[in-house]
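Novice: One structure coming up, written as structure tokens, with questions to follow.
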Number of protein chains: 4
Amino acid sequence: MPVRTPDPDPGDNGDDPLGAGTPFNGALGGSPTFGPPPGGPAANPGWLSDIELAEVRRRLPILYVEAIPVRTDGMGAVTEVGMLLRATPLGEITRTIVSGRVRYGETVRDALFRHLEDDLGPMAFPLLPPQPTPFTVAEYFPIPGVSAFNDDRQHAVSLAFVVPVTGTCEPRQDALEVTWLSPQEAASDAIAAEMEGGRGSLVRMALASVGALR
Amino acid sequence: MPVRTPDPDPGDNGDDPLGAGTPFNGALGGSPTFGPPPGGPAANPGWLSDIELAEVRRRLPILYVEAIPVRTDGMGAVTEVGMLLRATPLGEITRTIVSGRVRYGETVRDALFRHLEDDLGPMAFPLLPPQPTPFTVAEYFPIPGVSAFNDDRQHAVSLAFVVPVTGTCEPRQDALEVTWLSPQEAASDAIAAEMEGGRGSLVRMALASVGALR
Amino acid sequence: MPVRTPDPDPGDNGDDPLGAGTPFNGALGGSPTFGPPPGGPAANPGWLSDIELAEVRRRLPILYVEAIPVRTDGMGAVTEVGMLLRATPLGEITRTIVSGRVRYGETVRDALFRHLEDDLGPMAFPLLPPQPTPFTVAEYFPIPGVSAFNDDRQHAVSLAFVVPVTGTCEPRQDALEVTWLSPQEAASDAIAAEMEGGRGSLVRMALASVGALR
Amino acid sequence: MPVRTPDPDPGDNGDDPLGAGTPFNGALGGSPTFGPPPGGPAANPGWLSDIELAEVRRRLPILYVEAIPVRTDGMGAVTEVGMLLRATPLGEITRTIVSGRVRYGETVRDALFRHLEDDLGPMAFPLLPPQPTPFTVAEYFPIPGVSAFNDDRQHAVSLAFVVPVTGTCEPRQDALEVTWLSPQEAASDAIAAEMEGGRGSLVRMALASVGALR
């Protein structure tokens, strides 16, 4: 399967009004000396046009966050794993997880929350972990084989988290649906084959981190 | 300060009806071949009398769980740390955390939940983490100086967790009160001096694990 | 496959002179008030006879350490996983990992080192991790199905570590051989089927923790 | 104390021949389709001039790695913490740790090794951990107070590791000396006051992660 843009980040660029009109909602947003200038998004150094983003993607590793949404029982044990169905630009249906870029001035925690809300909707009620440490650091290289993960757009380094969600997921953006799988299904070869960029491995590592991989 | 019984485990022994009449509520409780025999608690091998517990405490390391209760903001960041005030048998007031033994046949997760409920009450609504890994393993030895932790009753090995609680804490058992401190206060030397067995260090390690230690 | 004694602990009991004559080499060994009494091992409360060990195994969860030995490249990445071949009392050959009980008065670190030396020989030169936290906590119950792990002898709770070894492994005790497998082989279903008590899952979790599970 | 450039990254820019002449030694370096073009470093998209680096630092979070070098005893327990003495451009002496940027095409592990070698010399023989997960993720913002860490040059996100070193440290680049402190000294307020950007907190979190914080 050819690897195409595995994790579009619609919150940053393109037709997303968040990306265009609201430059960044990060930790620095409220600062009088550091926030976006009144001249509009074009003058805000933290906002990148499509062309600029394409340019820096060839120069620097890009920081990402990823989240594997899970359902837990009353004792905290993982019972189900959430996966997004997404149509690629070519019309192919693939499975993916919550994923997106950390913006300039934004905390990792804020970025994680923003992408969870973008991908799962405002009623998902994710429970972000108190710890800042990811269960793994996934390194995506444009050339396959360098690591377990690849992304032909860029060199991305992703902090990956398991995030329990307690509400109702209504995918927004370009995700079609959220499906809930048992840990056994989520770790299967069949599911891994439907995920791009090596994210099937990431899901297995997530399950291992919560003791739910057999 | 002389070290006295730092973490009484009232759910296990003494006058606690849970310990006496309901031998163990653990993972094996429902098994027809493994549960408590009909002859009553005395015939259940998983229940230990005070004398027996005192005896095994001189022969084996005893497995404990400990929990540092925290309040988090909407983004999962820790804002407050819960501490129990407890009166020692000598009438001295000390601070402690949630702590107790894992019983035979009981999962670590079940033990953690049971002790949280014993110490914080039924309306605390703790959010147990999906991960089975503690933020640290605290080793308590009867002789001070072997490790950072000591307990003159026993050699105990404790799996320590940070647990967000979302409800109302009404301490039961012998705890007098739950007080909520800022991370800075909780990590202070003054608070550490009021905790027994080295648990001031444990609180600092807990705060470090959630990025809240300065 | 019937589950039989998956991890004999020859250093503790039976015909092992360490267990019989040298009561415990733990952190408390040197204490004048706490060490073994001059009356010999029989009088040392930290040493358990076979009968006593069998008895406490029905009353308390027993604390274990387990180690997955690995070879790493010069950059610390795992390249190979070590597995022990062991003959069961019935003559069947099984694969296992380093595993054993923590004794009274012994630190987790000391127990880990002792069992690595027992199982891999004195020239293995294991590099124990600076962190006290295991990659997972494996809970073995006597009844299958309670958790991913089972051990029909006892309720054991195991702190499991990945340990790089830099020297030559010459298994002692009852292990026949150490074989080195690639991460892919070690995670395969074929290998998992040759391991008892669910340790195939443990090996996969170990590989996930070092980013080597695909 | 005014916050000045806390972690100069001489391997990337300025007069460092590695940065100028050897565009990147990363995972992609050997690729015929992805490596530096024959036109020289200026044509290599992965190399950034001082001006370009200053520019992207105002647009994107920059990925860093940091390492707290430690000495361990034969059992893996941390006995000493290494700190770098460094003269600031203003001639002030400060303490710091190993720190630097991850380059485009470079793995986190390679970046960690490169900066350890840059700062501790080629004979330090660091033992990189098998795990890809940092003990914490430190977020440096240009404005103080957003998080525990700040860096007035940039928004940097740092993956921080504890790294045992087994050889001899001879600091290169602009570090003057490596000094070894006990865990207690390293965690003291006096030492924290000599570190810039909040790295005193980072050292304490590192010590907590290895169970060496009291």
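The values are calculated or read from the model by the stated rules, or taken from the named source; none is laboratory data. As the structure is a prediction and not an experimental result, all values here were calculated from the model. Glycine also receives a Cβ, built like all others from the backbone with ideal geometry; neighbour counts cover every protein chain displayed. The area values use the complete protein model at the heavy-atom level, side chains included, leaving out ligands, DNA and RNA. Shrake-Rupley method; radii C 1.70, N 1.55, O 1.52, S 1.80 Å.
Novice: How much accessible surface area, in Å² rounded to 10, belongs to the heavy atoms of A:Ile143 with a 1.4 Å probe?
Specialist: 40 Å²
Novice: Moving on. What does the copy distance list look like for D:Ala193, label position 7 Å along Cα→Cβ, in nm and ordered from shortest?
Specialist: Inter-copy label distances (nm, one decimal, shortest first): 2.0, 6.5, 6.7.
Novice: For the stretch C:143-208, take the convex hull of the Cα atoms, compute a quarter of its surface area, and give me that in nm², please.
Specialist: 5.7 nm²
Novice: Over the stretch A:61-209, what percent of the accessible surface lies on carbon and sulfur atoms, probe 1.4 Å?
Specialist: Whole-percent figure for carbon plus sulfur exposure: 55.
Novice: Spin-label point model (7 Å from Cα, Cβ direction): what's the C:Ser182 to B:Ile143 distance in nm?
Specialist: Going from the C:Ser182 label point to the B:Ile143 one covers 5.0 nm.
Novice: If each of B:Asp152 and D:Glu55 carries a label point 7 Å out from its Cα toward its Cβ, how far apart are those two points in nm?
Specialist: Distance between the two pseudo-spin positions: 7.0 nm.
Novice: Give or take rounding to whole Å, what are the principal axis extents of the alpha carbon atoms in the stretch C:62-214, in descending order?
Specialist: On the principal axes, the stretch C:62-214 reaches 42, 39, 29 Å in Cα extent.
Novice: Show me you know the interface measure: the accessible area buried between A and B, both chains summed, probe 1.4 Å, in Å² to the nearest 100.
Specialist: The summed interface area works out to 1400 Å².
Novice: Mind checking the per residue accessible area of the stretch C:61-209 for me, 1.4 Å probe, whole number of Å²?
Specialist: On the way: 4390 Å² over 149 residues.
That works out to 29 Å² per residue.
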